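Asks: Here it is, the structure in full.
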Amino acid sequence: MNNTPLTRADLLALDAADPLAGVRNTFELPAGVIYLDGNSLGPKPAGALEVARRVIEGEWGTGLIRSWNDAGWFELPARLGDKVAGLLGGAEGTAVVTDTTSVNLFKTAAAALRIQASDHPDKRTIYTQRENFPSDIYILTGLAEQLNQGRAGGAAELDTWESVPAGAAPYRVELVDDAEVVAWGDGSRPVPEDAALIVLTHVNYRTGRLFPMAEVSRAAHAAGALTVWDLCHSAGALPIALRADGADFAVGCTYKYLNGGPGSPAFLWVAPEHVDRFSQPLSGWWGHTAPFAMSPEYAPADDVRRYLTGTQGMLSMSVAELGLDIAAGADIAAVRAKSLAMTDLFIRLVRERLAEHPLTLVTPEEHAERGAQVSIAHPEGFAVMQALIARGVIGDYREPEVLRFGFTPLYLSYADVWDAVEVLREVLDDKLWDTPEYRRRGAVT
Ligand SMILES: Cc1ncc(COP(=O)(O)O)c(C=O)c1O
């Protein structure tokens, strides 16, 4: 594209040549909606109702308890885990689909710290981004607090956990700016020597910034640290090569770019060299090597299944498989190329057509630093987003002031990008956001 102003016809021409255009039919979206919130909740794949019906009527209704074996329910977390590992450049047998991202982060961070307690007992600091999704920070802080209770010698000491030697430094969580993480990646600053663990969200939920997995993992290893990557905003959105990029652990959700359904189970991935080194602390019966032996002693499974804890929701997990299969069938390089083209286009149109409005681009412009969303700040961001949603352009809002627009190439067209910018222009030009109705907040923004 050159610098002459774009027209909608230019974008229709791009759509006509789009190799991913046909994938839109694998989703069912309501008429009159431009859905720019697949970074929060992916839309419904066609066939979701049929899968739910099969599970409810056939497997549950008719099969009853027999379905744990006959319908393969018990194997589903590992079977879907293999599909996730395939999407993320991990080896077979290294991932499971289970629990939530928050719970999986607890399990993996705990397992990583146990490895470090053995390999580098002097390292006790967990580094993570100050701007990280808050749940990640809460989980890591809670984990550090739990570990330190043992150190104090109190009654709360976890008997499954190696206690920290008396006089040793406590576990702690250190929050760092994004610039610090970037500096580790480009080698301009070393990873701190006390780093046991570096827990990073690959694409930031609010800004859409992408962090360099290979470079940061290499820097972490050079300093003797391990890494846990939160892939909530990158899995399904861009190519990921966990093995090649040297990640140690990864977690993420299936309900965003993997279109698994509201609250669908999360995934957890462990590098093969770490899989059987330590068992994770939520050592429930599903992670046991022989769950139905009903032994009072815990003996972890010898593979990634040791990261399972208890019974999973089979309905939700069965439906989630549809989204994983759509992702597996799409060419992720083409997905990435189109999402960069769409986000470039959105940024350009906002600049060309909305220049007089107080909009500030929050997302980095460099392709290497951008995920699949564009975040734009506006002083009345919340009300502006409500006005957009009322007109069928669905994005979302994050404090402070940030309008988030997710660009998911599987079901969006270039003309959708044009149309969304036109609705935004109307909302801003005519101050359509300026009503009490659009300032009222629900529990979820
Ligand atoms: C980056 C990131 N990490 C963690 C979470 C928490 O996920 P869950 O609610 O499945 O624990 C989210 C949820 O949106 C997220 O965006």
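Where a number appears in this text, it was derived from the coordinates with a stated rule and is not lab data. Everything numeric here is computed off the predicted structure, so don't read it as measured data. Counting neighbours? That spans all protein chains shown, and the Cβs are built from the backbone with ideal geometry, glycine included.
Asks: With unit charges on the beta carbon (Lys/Arg positive, Asp/Glu negative), name the residue among Tyr298, Val181, Leu113 whose Cα is farthest towards the positive pole of the charge dipole of the chain.
Replies: The listed residue farthest towards the positive side: Tyr298.
Asks: If you stretched the chain out fully between Asp122 and Ala223, how much longer would it get, using 0.36 nm times the residue separation minus the C-alpha to C-alpha distance?
Replies: Values: separation 101, 0.36 × 101 = 36.36 nm, distance 1.25 nm.
Extra length available between Asp122 and Ala223 comes to 35.1 nm.
Asks: Count charges around Gly392 for me, please; just the other residues with Cβ under 14 Å from its Cβ, Lys/Arg as +1, Asp/Glu as -1. Mind showing how you got there, number by number?
Replies: Working: positive: Arg391; negative: Asp37, Asp416, Asp419, Glu422, Glu426.
Taking every other residue near Gly392 into account, the sum is -4.
Asks: Can you say what percent of the DSSP beta bridges in the stretch 74-329, counting only those with both residues inside, are antiparallel? Round to 5.
Replies: Working: 9 of 26 bridges.
Roughly 35 percent of the beta bridges in the stretch 74-329 run antiparallel, per DSSP.
Asks: Taking a spot 7 Å from the Cα of Trp68 along the direction of its beta carbon, which residues of the stretch 297-314 have an amide N less than 15 Å from it?
Replies: Only 309-314 pass the distance filter.
Asks: Based on a Kirkwood Rh over C-alpha pairs, give the Stokes-Einstein translational diffusion coefficient of the stretch 74-329 at 25 °C and viscosity 0.890 mPa s in µm²/s. Write out the running numbers ahead of the final one.
Replies: Numbers: Rh = 18.3 Å.
D = 134 µm²/s.
Asks: Using DSSP to call loops (not H, G, I, E or B), can you name the GluC sites (Glu not before Pro) in the stretch 292-361 whose Cβ has at most 16 other Cβ atoms within 10 angstrom?
Replies: Here the sparse-neighbourhood loop sites are Glu297, Glu356.
Asks: Rounded to the nearest 500 deg cm²/dmol, what is the calculated helix-only ellipticity per residue at 222 nm for the chain, with -39500 (n - 2.57) per DSSP H run of length n ≥ 4?
Replies: -10500 deg cm²/dmol
Asks: For the chain, what is the relative contact order in percent, using Cα pairs closer than 8 Å and at least 6 residues apart in sequence?
Replies: With pairs under 8 Å counted, the relative contact order is 21 percent.
Asks: Dipole magnitude of the chain about its Cα centre, charges +1 at Lys/Arg Cβ and -1 at Asp/Glu Cβ only, in debye to the nearest 20?
Replies: 420 debye
Asks: What net charge is computed for the residues neighbouring Glu401, neighbours being all others with C-beta under 12 Å from the C-beta of Glu401, Lys and Arg scored +1, Asp and Glu -1?
Replies: Result for the neighbourhood of Glu401: +1.
Asks: Nearest 5 percent is fine: what portion of the DSSP beta bridges confined to the chain is antiparallel?
Replies: Antiparallel: roughly 55 percent of the beta bridges in the chain.
Asks: Same structure, new question: Could you go through the stretch 337-346 in sequence order and give the Karplus-derived ³J(HN,Hα) for each residue, using 6.51 cos²θ - 1.76 cosθ + 1.60 with θ = phi - 60°, rounded to whole Hz, and x for Gly and Pro?
Replies: Once θ is set to phi - 60°, the couplings for the stretch 337-346 become 4, 6, 5, 5, 5, 5, 5, 4, 4, 4 Hz.
Asks: Just in the stretch 266-350: which chymotrypsin sites (Phe, Trp or Tyr not before Pro) are loop by DSSP and have at most 14 other Cβ atoms within 10 Å?
Replies: Tyr298
Asks: To the nearest Å, what is the center-to-center distance of the stretch 283-324 and the stretch 27-67, using C-alpha atoms only?
Replies: A separation of 23 Å, based on Cα centres.
Asks: Follow-up. What pairs from Lys107/Lys338; Lys107/Lys256; Lys83/Lys338; Lys83/Lys123 go past 32 Å between their alpha carbons?
Replies: Working: Lys107/Lys338 35 Å; Lys107/Lys256 21 Å; Lys83/Lys338 23 Å; Lys83/Lys123 34 Å.
Checking Cα-Cα distances, Lys107/Lys338; Lys83/Lys123 exceed 32 Å.
Asks: Could you check the simple spin-label distance between Ala241 and His367, using points 7 Å along Cα→Cβ, in nm with one decimal?
Replies: Going from the Ala241 label point to the His367 one covers 1.6 nm.
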